[in-house]
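J.: First the structure, then my questions, so here it is.
Only the coordinates and a few stated rules stand behind these numbers; no lab work does. Everything numeric in this text was worked out from a predicted model, so none of it was measured. So basically every Cβ, Gly included, is an ideal-geometry build from the backbone, and we count neighbours across all protein chains shown.
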Amino acid sequence: MTGKKTHPHCPICRAEVALLDQNKAFPFCSERCKSEDLGKWFGGSYLVPGRAASPEEIVEEVRRPRQND
């Protein structure tokens with residue numbers, strides 16, 4: 001090990017990313033990349049594996065009282 005600090009890379013453009021204390025868009029390099037990632041979620045480019053919930057299941061989950069952990 002050289003002791004050299006390495007920075008993570010932006011998941012959108014692969015540029016080096018400044019850490020959270022220096023970059024409010026972390027883990028992205030910029031607000032533009034942060035917005036592009038959000039757009040991919042909204043546009044359906046990213047999917048969570050599993051079957052889609054029915055509208056009835058969603059309503060039931062939203063109306064269910066939350067339990068304190």
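J.: Let me spell out the model: positive unit charges on the Cβ of Lys and Arg, negative unit charges on the Cβ of Asp and Glu, origin at the Cα centre of the chain. What dipole size does that give, in debye rounded to 20?
T.: 300 debye
J.: Name the longest site-free stretch of the chain, where the excluded sites are trypsin sites (Lys or Arg not before Pro) in a DSSP loop with no more than 11 other beta-carbon atoms within 10 Å.
T.: 25-50
J.: Moving on to the next point. Can you give me the distance in nm between label points at residue 42 and residue 14, each placed 7 Å from the Cα along the Cα-to-Cβ direction?
T.: 2.7 nm
J.: If you don't mind, there's one more thing I want to ask. On full extension of the chain, what length is gained from residue 6 through residue 53, given 0.36 nm per residue of separation minus the C-alpha to C-alpha distance?
T.: 12.9 nm
J.: Full-extension gain between residue 62 and residue 30, please, as 0.36 nm times their residue separation minus the C-alpha to C-alpha distance.
T.: Taking residue 62 through residue 30 to full extension adds about 8.2 nm, to one decimal.
J.: Between rounded, prolate and oblate, where does region 23-69 land on the alpha carbon gyration tensor, with a ≥ b ≥ c its root eigenvalues, rounded for a/c under 1.5, else prolate if a/b exceeds b/c?
T.: Verdict is oblate for region 23-69.
J.: Got the relative contact order for the chain handy, in percent, Cα pairs under 8 Å and 6 or more residues apart?
T.: It rounds to 17 percent for the chain.
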